[in-house]
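The values are calculated or read from the model by the stated rules, or taken from the named source; none is laboratory data. Predicted model only: the values in this text are computed from it and were never measured. FYI the Cβ positions are ideal-geometry reconstructions off the backbone, even for glycines, and counts take in every protein chain you see. With ligands, DNA and RNA removed, areas are computed over all heavy atoms of the protein, side chains included. Shrake-Rupley method; radii C 1.70, N 1.55, O 1.52, S 1.80 Å.
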Amino acid sequence: QVQLVESGGGLVQAGGSLRLSCAASGIIFSINTMGWDRQAPGKQRELVARITVRGGTHYADSVKGRFTVSRDNAKNTVYLQMNNLQLEDTGVYYCNAFGGGSGSWGQGTQVTVSS
């Protein structure tokens, strides 16, 4: 089993930046892909970004060019650098990790973008 702990959320003005971090522990050798989902108020959870163990990335169209996902395999940590944040980026951001036929999610961290 993999445990994930997110940090770095908060309140930021539109156009600002935040960096989220997520540290994995437990059965980490099984992890291949890590990433982030988010859930805005009243909406379904959606994929934000994914990164494979070899560094291949995938982004939602809505964040391309503004968000960057990265990982430090030595630290078992995945990051999400969010620039030019917009009001619609507000939501709870969940870290996730997939591998060995299973997936794990963190508890989530709140990101609030104000005008």
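Given segment 1-106, what strands (runs of 3 or more DSSP E) lie entirely inside it while holding 1 or more residues that are on the phi < 0 side of the Ramachandran plot and over 15 Å from the mean Cα position of the chain (by Cα)?
Working: elements: 2-7, 10-13, 18-26, 33-39, 46-51, 57-59, 67-72, 77-82, 91-99, 102-105.
In segment 1-106, the matching strands (runs of 3 or more DSSP E) lie at 2-7, 10-13, 18-26, 102-105.
Name the single residue that is farthest from Arg38 (Cα to Cα) among those in segment 82-115 being open to solvent by 30 Å² or more (accessible area, probe 1.4 Å) and aromatic (Phe, Trp, Tyr).
Result: Phe98.
Pick out the one residue from Thr57, Thr33 that is of a type in the set (S, T, N, Q) and touching a residue at least 60 places away in the same chain (Cβ under 8 Å). It would help to see each step written out before you state the result.
Working: Thr57 fails: touching a residue at least 60 places away in the same chain (Cβ under 8 Å).
None of the others qualify; the one that does is Thr33.
Criterion first (out of contact with any Cys (no Cβ under 7 Å at 6 or more places or on another chain), of a type outside the set (Phe, Trp, Tyr) and buried (at least 19 other Cβ atoms within 10 Å of the Cβ)) does Leu18 satisfy it? Steps first, answer last, please.
Details: out of contact with any Cys (no Cβ under 7 Å at 6 or more places or on another chain): yes; of a type outside the set (Phe, Trp, Tyr): yes; buried (at least 19 other Cβ atoms within 10 Å of the Cβ): yes.
Here the answer is yes, as Leu18 does meet what is asked.
Checking Val113 against (1) assigned to a strand (DSSP E or B); (2) touching a helix residue (DSSP H, G or I) at 6+ places or on another chain (Cβ under 8 Å); (3) without any contact (Cβ under 8 Å) to a residue 60 or more places away in the chain: exactly one of these is not met. Which one?
(3)
Right, Ser70: modelled with pLDDT under 95 and under 19 Å from Gly103 (Cα atoms) or not?
Numbers: modelled with pLDDT under 95: no; under 19 Å from Gly103 (Cα atoms): yes.
No; evaluated as a whole, the condition is false for this residue.
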